[in-house]
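Reviewing the structure listed below.
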Amino acid sequence: MKKIEAIIRPFKLDDVKEALLEEGIKGLTISEVRGYGRQKGHKETYRGSEYRIEFVPKIKIEIVIPDNKLEKVIEAIIRTAKTGQVGDGKIFISDISDVIRIRTEESGEEAL
């Protein structure tokens, strides 16, 4: 099994969620996060005053999937989250050794 953590732009969340549903992903966890990458934040103007936003708001999506869905899920995220501009985000992929559903005590892929 694999865990995918995708950091995306907030306005792309609905598009990514729909694409994941089309790929058969039944559950996901999202978090509102802030951070910066290469762009190191950005400047905005409010009522004539310029100020710097150091930590840019993003959405972090976490899903755990069977190994055989990895490529399709990554393609779906990239296809729907990509704008071609700096700050589109990143995808992190980790191995998961086991998953246990607390209610039924199922483990492994059955627990997904």
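Remarks
- Residue pairs meeting the criteria (Cβ under 6 Å; at least 6 apart or on separate chains; first closer than 21 Å to Glu32 by Cα and part of a strand (DSSP E or B), in segment 54-81; second among the polar types (S, T, N, Q) and modelled with pLDDT of 95 or more): Lys60/Ser31; Glu62/Thr29
- Cβ-Cβ distances below 6 Å connect the following pairs, each with a first residue in segment 85-112 that is loosely packed, with under 10 Cβ neighbours inside 10 Å, a second residue that is outside any loop (DSSP other than H, G, I, E, B), and a separation of six or more residues or different chains: Asp98/Ser107.
- Condition met for Glu22 (free of Cβ contacts under 8 Å to residues at least 60 places away in the same chain and more than 25 Å from Glu110 (Cβ to Cβ)): no
- Each residue in segment 69-84 was checked for being more than 14 Å from Leu20 (Cα to Cα) and either loosely packed, with under 10 Cβ neighbours inside 10 Å or touching a helix residue (DSSP H, G or I) at 6+ places or on another chain (Cβ under 6 Å) (or both), and 1 pass.
- When every residue of segment 71-92 is checked against the conditions, at least one turns out to be under 18 Å from Lys2 (Cβ atoms), out of contact with any Asp or Glu (no Cβ under 9 Å at 6 or more places or on another chain) and acidic (Asp, Glu).
- Selection status of Ala6, surrounded by 10 or more Cβ atoms within 10 Å (Cβ to Cβ), outside any strand (DSSP E or B) and out of contact with any His (no Cβ under 9 Å at 6 or more places or on another chain): no
- Candidate set: segment 9-52, residues that are assigned to a strand (DSSP E or B) and among the acidic types (Asp, Glu); chosen: the one surrounded by the fewest Cβ atoms within 10 Å (Cβ to Cβ): Glu50
The values are calculated or read from the model by the stated rules, or taken from the named source; none is laboratory data. Small disclaimer: the values here were computed from a predicted structure and weren't measured. Every residue, glycine as well, gets a Cβ built from its backbone with ideal geometry; the counts of neighbours run over all protein chains shown.
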